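The values are calculated or read from the model by the stated rules, or taken from the named source; none is laboratory data. The structure presented is a predicted model; accordingly, all values stated were derived computationally and were not measured. Positions of Cβ are generated from backbone atoms using ideal geometry, with glycine treated the same way; all protein chains shown enter the neighbour counts.
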Amino acid sequence: MRILHLSDAGLPDWRVEKAAATGLKDGHEVYFAGDVRANIKSSIFSEIYPIHWSSWSMVGTFYLWQRIKKQIANLLKIVNPDIVHAHNIASARIASELGLPLVFDNHEFFKVYSKVIVENRNIALDQKQRSLLRVILRSLALSFLNSQTISVWTKWEDQLVSKYPTLTVSDQIAEDLKRNSNSNKVFVVPNFPMKFESENFIDPIPHKKISTVYSVAENKNIRTTNRDVSNLTAVFDKKQVGRLTIIGWEAEAKGQVRATGFLSRKEMFKEMSHHSIGIIPWKKHWSHKYVSPNKAYEYAHAGLFVGVTSDMVPVIKNLGENCMTFEDYDDLESKLRYFSQNLEELHHKRIKIFKFAHDNLIWEKHEHNIFDAYKKA
């Protein structure tokens, strides 16, 4: 079978690549088409094809939408796929309009995610050093784009889920999708690591001092409402709670905080293994009951005890007692101080979560749901 992974985002995207690797392992030919902005090489895909998306095309703006649709229609003549595995909302919508056998991989809950996108766009609106006319025009354009994002994505999501087999990342999202779209073709494939990524890891070793890590893909200067970590570093400044290492940020070491810059996945796991606790320190936000970031499960595979804000329901459900929760940064500081004084207890928790993750938090335990979705298509 020839499977085209169609995405309105680019590579690298580890969920896309894991899904493709699953198909390749089962003997299928896999291809990728998406917003490729760099020379991406892959041992998974037979071919990678560029599709140039924009914020306006992703909400169905007529001319831009038709241009993307034409690119994909021409691509189909080359690939001639038996099935399209469409990642996210716009790619799935175009595949639907083209009448293709389709599985919709819903990386986000777009009814929720669209509202988060709008919140963050409004924060990012920079009116400094602009003429009044430009400010007005940009504000009007952004207002229209925001209204389109929420209304169009919500409508498309309901239509797609009601018609096509749908993959999603958590039980919480799956339950809402089934209820909103009256569908029984929703399958859960969590954002867990693949088995090979950590099969050679050794059991966590005891640490003489507590050390915390935060893995992040975003630029630290981009403020977002749903991933707000403002004043996080203050928790570690002269608080006697050990050091914080931030994977992904570009910054010089300062006091108790250091940043690694971008790391490959192999380098990332190696760095994580040197630490005691992995945190997702996003301040509480109304959308968190639907989020299930893969970094929580990467921490667990690397043998870190995991700490998350108490409103991250999917993560807490997946990790159970292998997870500590905190209400705010004062609470986080208190719990880090406790473990800094109880290192033996922390080591036992790290061993426990390490074994739990390697036995349970594995992509391969859920990849049968991808094939079940393909059969429904």
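Only one of Glu29, Glu17 is in contact with a strand residue (DSSP E or B) (Cβ under 6 Å, 6 or more places away or on another chain) and farther than 23 Å from Lys69 by Cβ; which?
Details: Glu17 fails: in contact with a strand residue (DSSP E or B) (Cβ under 6 Å, 6 or more places away or on another chain).
Selected residue: Glu29, the only one of Glu29, Glu17 that is in contact with a strand residue (DSSP E or B) (Cβ under 6 Å, 6 or more places away or on another chain) and farther than 23 Å from Lys69 by Cβ.
Restricting to segment 302-322, count the residues that are among the acidic types (Asp, Glu) and in contact (Cβ under 8 Å) with a residue 12 or more places away in the chain.
Total satisfying the criteria: 1.
Out of segment 79-98, which residues are farther than 23 Å from Gln148 by Cα and modelled with pLDDT under 95?
Start the filter on segment 79-98 by keeping residues that are farther than 23 Å from Gln148 by Cα, which leaves 79-85.
Answer for segment 79-98, where residues must be farther than 23 Å from Gln148 by Cα and modelled with pLDDT under 95: there is none.
Determine which member of the set Ser147, Ser139 is in a helix (DSSP H, G or I), of a type in the set (Gly, Ala, Ser), under 22 Å from Ala9 (Cα atoms) and modelled with pLDDT under 95. Full working, then the answer.
Numbers: Ser139 fails: under 22 Å from Ala9 (Cα atoms).
Just one listed residue meets the conditions, Ser147.
Filter segment 247-270 for residues that are under 22 Å from Phe201 (Cβ atoms) and buried (at least 16 other Cβ atoms within 10 Å of the Cβ) and give the result. Give the steps one after another, and end with the answer.
Step one: of segment 247-270, the residues under 22 Å from Phe201 (Cβ atoms) are 247-248, 260, 262-270.
Answer for segment 247-270, where residues must be under 22 Å from Phe201 (Cβ atoms) and buried (at least 16 other Cβ atoms within 10 Å of the Cβ): Ile247, Gly248, Thr260, Met268, Phe269.
Can you confirm whether Arg134 is out of contact with any helix residue (DSSP H, G or I) (no Cβ under 9 Å at 6 or more places or on another chain), in a helix (DSSP H, G or I) and either at pLDDT below 95 or charged (D, E, K, R) (or both)? Can you show your working first?
Numbers: out of contact with any helix residue (DSSP H, G or I) (no Cβ under 9 Å at 6 or more places or on another chain): yes; in a helix (DSSP H, G or I): yes; either at pLDDT below 95 or charged (D, E, K, R) (or both): yes.
Considered against the rule, which asks whether it is out of contact with any helix residue (DSSP H, G or I) (no Cβ under 9 Å at 6 or more places or on another chain), in a helix (DSSP H, G or I) and either at pLDDT below 95 or charged (D, E, K, R) (or both), Arg134 comes out as yes.
Can you list residue pairs whose Cβ atoms sit under 6 Å apart, with the first residue in segment 66-82 being in the same structural domain as Ala95 (by TED's automatic domain parsing) and the second being assigned to a helix (DSSP H, G or I)? Count only pairs 6 or more apart in sequence or on different chains.
Ile68/Ser57; Lys69/Ile94; Ile72/Ile94
Would you please name the residue that is surrounded by the fewest Cβ atoms within 10 Å (Cβ to Cβ), looking only at residues in segment 72-97 that are aliphatic (A, V, I, L, M) and outside any helix (DSSP H, G or I)? If you could, list the steps in order and put the result at the bottom.
First, pick out the residues of segment 72-97 that are aliphatic (A, V, I, L, M): 72-73, 75-76, 78-79, 83-84, 86, 89-90, 92, 94-95.
With the extra rule that they be outside any helix (DSSP H, G or I), the set shrinks to 83-84, 86.
Working: Ile83: 20, Val84: 28, Ala86: 27.
For segment 72-97, the residue satisfying everything is Ile83.
Say we look at segment 1-59 and pick out the residues that are of a type in the set (D, E, K, R) and in a loop (DSSP other than H, G, I, E, B); which of these is surrounded by the fewest Cβ atoms within 10 Å (Cβ to Cβ)?
Within segment 1-59, the match that is surrounded by the fewest Cβ atoms within 10 Å (Cβ to Cβ) is Lys41.
Could you say whether any residue in segment 326-337 is assigned by TED's automatic domain parsing to the domain that holds Lys238, touching a Lys or Arg at 6+ places or on another chain (Cβ under 6 Å) and part of a loop (DSSP other than H, G, I, E, B)?
No: segment 326-337 contains no residue that is assigned by TED's automatic domain parsing to the domain that holds Lys238, touching a Lys or Arg at 6+ places or on another chain (Cβ under 6 Å) and part of a loop (DSSP other than H, G, I, E, B).
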